[in-house]
Structure formats: structure tokens, C-alpha cells
Amino acid sequence: MSTYISVIKDSFFFFPAAAFVFTIPYILWNYHKYGSIWSLRIVVVYSLLLYVMTVLFLTALPLPSLSYVANLKMARAQLVPFNFIHDIFKNLSGSPDTLQYWIAAIKTKAFKEYVFNILMCMPFGMYLRYYFKQSLPKCILYTFLFSLFIEISQLTGLWGIYPRNYRLFDVDDLISNTLGGFLGALIVSWIGHWLPSRHRMDRNSFERGRTVSLLRRSVAMGIDLYACFLISLWLDRAFPQIPFSLTKLYMLVCIGCTTLFATIFRGQSLGMLMTSLKIVNSKTHGKASVFAIFFHLALQYGLAIGIPLFLVDESGHLPWNPFLVSAVLCYFYMAFMICSVILCFTRRQSIPGLLSRTIVVSDIRIPANSQ
């Protein structure tokens with residue numbers, strides 16, 4: 001039991017790192033599909049991530065040394081169904097007619113391990129039934145496949161990392177894990193009407209996705225900036241004769257690539273396409289003109305990153321020294337950024353949008369079954 005507790009502690013310790021890696025693609029997927037991030041969905045999905053991590057840790061850790069595993073003589077597999085029953089009663093003494101006999105049976109290691117294997121996969125069936133809306137037969141099938149993956153991982157020494165298995169492939173584990181998944185799905189079927197439904201989560205997510213939050217716009221802009229950075233870095237390495245420094249090339253690429261992409265995809269830059277945003281005419285909310293889209297994005301990236309990049313030289317310092325001019329430009333830039341944030345919060349608008357007579361709206365299309 002102490003080993004299990006130690007492994008569970010390890011799972012909680014490494015969970016923040018796994019969550020950090022998982023968060024960026026998860027945010028992008030939510031913004032692309034729903035246009036928002038619903039708090040209840042976050043709780044469900046991240047608890048599922050923690051659960052899967054814990055199960056994998058429990059079935060693989062602690063990791064032994066390669067030399068220790070190479071010298072093991074243990075069996076590779078136990079293929080007799082319900083062999084755990086024999087293991088429970090083989091060392092018991094006394095009469096089955098007495099209560100003490102059955103209490104002793106319950107206290108055996110074989111019985112505890114079988115019950116633990118059932119409990120271990122009950123949450124898996126619950127998630128399948130509740131969040132993924134799978135039928136009971138599919139919950140049984142998917143739990144069996146999940147358990148089979150774990151058992152094969154043990155049989156193959158973590159898929160070839162070790163020269164042989166250091167844990168036993170046990171058909172009883174497949175049975176008990178699958179039974180646990182079935183019981184978990186069955187429990188959710190009984191109590192599911194008391195829980196917030198997946199349909200409700202989707203409906204609330206789509207409703208929130210109709211508005212454009214500052215975080216959503218920031219994510220879209222971050223995607224554009226990163227993609228353009230990769231393009232400008234490649235251009236700088238592939239064409240060293242380009243008469244621009246990397247910083248100035250970066251700004252030009254940001255303006256050129258985002259506007260070209262948005263022109264081709266009718267008002268959506270790469271970041272906007274991935275977060276389901278779109279530039280439209282601010283009055284009619286219809287298709288914006290090519291010039292308006294170009295003007296919007298040129299102002300957005302030219303003012304947001306162009307001023308800082310063009311004001312500095314290759315060493316990162318101002319190429320001229322007038323303190324007053326520098327201070328005025330810095331205050332102007334800070335005021336621009338502050339006003340942009342305030343506009344996004346209050347009017348869902350931006351300075352480039354006001355000047356180009358465009359607005360960024362949500363491009364989410366709500367399915368009929370979610371309304």
C-alpha cells in the first residue's frame with residue numbers, strides 16, 4: 001500500500017508539467033471548436049488527464065534497473081482465467097463455515113489486488129459514459145482495450161525499453177479492469193441525471209463562444225507572431241542577401257503574411273482561423289474589403305510590434321539619443337497598448353478596427369443539436 005501511495009504522489013508531482021504541455025493544444029482546440037473555454041469542462045478534462053497519468057504510473061512504476069530486469073526469472077504471463085480465486089484460498093486454513101475464514105480471505109493480497117484492479121478502472125468507465133457519451137457495450141470494449149494496452153506494455157517491458165517484462169501479464173487483470181469500467185459506466189447511468197450534462201457543457205461553451213474575449217484575441221495573435229517568426233527566421237537563413245535585419249524582416253513578414261493569409265481565407269489570419277475569429281465590416285458585419293483587412297492587420301502588427309522593432313538597432317539600443325523624443329514615443333506606445341486593452345474589454349473592439357472600420361467577430365457555427 002505504501003508503494004501505491006508513493007506512486008500516486010509522483011503522479012500528482014508530475015501532473016503540472018503534463019498539464020503545461022497539454023494546455024496549449026487544448027486551448028487551441030477549444031477556441032477552434034467552441035470559441036471559449038468552459039470552466040466545468042476544464043475540471044472534467046484535467047481530472048481525466050490526472051487519472052490516466054495515475055493509472056499509467058501505478059502500472060509501470062517504480063522503474064527497476066535494466067540489469068535487474070535482465071536477471072529476472074519470473075513468468076511472462078498468467079493466462080488462466082479466475083486464477084485469483086485459487087490464490088485467495090490456497091493458503092487459508094479453517095472451515096469455510098466460519099466468519100473468520102471469509103474475513104481471512106478478504107484480507108489476502110490476491111483479493112485486495114483484484115478489488116483494486118476493479119476500482120482502478122471504474123473512473124475510466126465513468127468518463128466514457130459521462131463525458132464521451134458512450135454506450136455500455138462501448139464502455140466495456142474501450143475499458144478492455146485500455147487494460148489490454150497496459151498489460152501488453154508490461155509484457156513487452158514498456159514496449160522494448162527493458163529486455164523483458166518486470167511485471168506479469170495477467171488475464172485476471174483484464175477481467176477485473178473491464179469489470180471496473182462496466183461498473184463505473186453503470187453508476188453514471190444511474191446518477192447521470194444529477195450531473196451537468198455534456199450537452200449543457202457544449203451549449204454553454206457555444207454561447208460564450210459567440211463573444212470575442214481578450215484572451216482569445218491574444219491567442220490568435222500569438223499564433224500569428226510565432227508562425228511569422230519561424231518564416232522570417234527561415235528567410236533570414238535561406239536568403240542572407242535580404243537588405244533587412246531579422247527584426248525588421250520579422251515585422252514585414254508579420255504584416256505581409258497575415259494580410260495575405262487573411263485575404264485568401266476571407267478575413268482570417270492563421271491565428272484567427274485556428275481560434276474561429278474573423279475580420280468583418282463593423283457596420284454591416286458582412287465581408288470586409290481587401291483594403292480594410294490589410295489596413296486592420298497592418299495597423300495591428302505595425303503599431304503593436306513595428307514601433308519597438310524599428311526604434312532599436314541590432315544591439316537592441318536606440319540608434320539616437322534624444323531623451324525627450326524617446327520618452328514621448330515610449331509613452332505613445334504604452335498609451336496605445338493600454339487603450340487597445342480597454343477597448344477590447346469595453347467594446348470588443350480595437351484601435352486598428354476603429355481606424356479600418358472593421359471588427360473581429362466569432363466565426364463559431366453552433367450545431368443544431370447544441371442550441
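The values are calculated or read from the model by the stated rules, or taken from the named source; none is laboratory data. Bear in mind the structure is a predicted one, so any value in this text is a computation, not a measurement. Note that each Cβ is placed from the backbone with ideal geometry, even for glycine, and that neighbours are counted across all protein chains shown. All accessible areas refer to the heavy atoms of the entire protein, side chains included, with ligands and DNA or RNA removed. Shrake-Rupley method; radii C 1.70, N 1.55, O 1.52, S 1.80 Å.
Compute the helix-to-body angle for 109-130: its Cα long axis versus the longest principal axis of the chain, expressed 0 to 90° and rounded to tens.
40 degrees
As a test of reading the structure, rank 127, 301, 4 by solvent-accessible area (1.4 Å probe, protein chains only), most first. Write out the running numbers ahead of the final one.
Working: 127 40, 301 0, 4 75 Å².
Ranked from most to least accessible, the order is 4, 127, 301.
Can you find, among 286, 274, 251, the residue sitting farthest towards the positive end of the charge dipole of the stretch 213-286, where Lys and Arg contribute +1 and Asp and Glu -1 at Cβ?
286
Classify the stretch 63-189: rounded, prolate or oblate, from the alpha-carbon gyration tensor (a ≥ b ≥ c, eigenvalue square roots; a/c under 1.5 rounded; otherwise prolate if a/b is larger than b/c)?
Oblate, since a/c reaches 1.5 and b/c is not below a/b.
Which number gives the lysine pairs in the chain that have C-alpha atoms under 29 Å apart and are eight or more places apart or on different chains?
18
So for each of 257-268, 131-142 I average, over its residues, the number of other beta carbons within 10 Å; can you give me the resulting order with the highest mean first? List each step's numbers first, then the result.
Numbers: 257-268: 18.5, 131-142: 15.7.
By packing density, highest mean first, the sequence is 257-268, 131-142.
Averaged per residue, what accessible area in Å² does the chain show with a 1.4 Å probe, protein chains only?
57 Å²
Using only Cα atoms and rounding to the nearest 10 degrees, what angle (0 to 90) does helix 246-264 make with the longest principal axis of the chain?
In the chain, helix 246-264 runs at an angle near 80 degrees to the longest axis.
Quote the charge dipole size of the chain about the Cα centre in Debye, to the nearest 20; the model charges only the Cβ of Lys and Arg (+1) and of Asp and Glu (-1). Write out the running numbers ahead of the final one.
Values: 31 positive and 15 negative charges, 221 e Å.
Computed charge dipole of the chain: roughly 1060 debye.
Can you tell me the 0 to 90 degree angle between the C-alpha axis of helix 214-238 and the longest principal axis of the chain, rounded to 10?
Result, in degrees: 80.
How much of the accessible area of the chain, in percent, comes from carbon and sulfur atoms when a 1.4 Å probe is used?
71 percent
Tell me, what is the percent relative contact order of the stretch 128-251, built from C-alpha pairs under 8 Å that lie six or more residues apart? Working shown, then result.
Numbers: 78 pairs, mean separation 28.0, N = 124.
So the answer I get is 23 percent.
If you wrap a convex hull around the alpha carbons of the chain, what volume per residue comes out, as a whole number of Å³?
Values: hull volume 85.4 nm³, N = 371.
Convex hull of Cα atoms, per residue: 230 Å³.
Ignoring ligands, DNA and RNA, how do 274, 53 rank by accessible area with a 1.4 Å probe, largest first?
On the way: 274 70, 53 25 Å².
Ranked from most to least accessible, the order is 274, 53.
Under the definition of Cα pairs under 8 Å and six or more residues apart, what whole-number percent is the relative contact order of the chain?
Values: 441 pairs, mean separation 68.5, N = 371.
This gives 18 percent for the chain.
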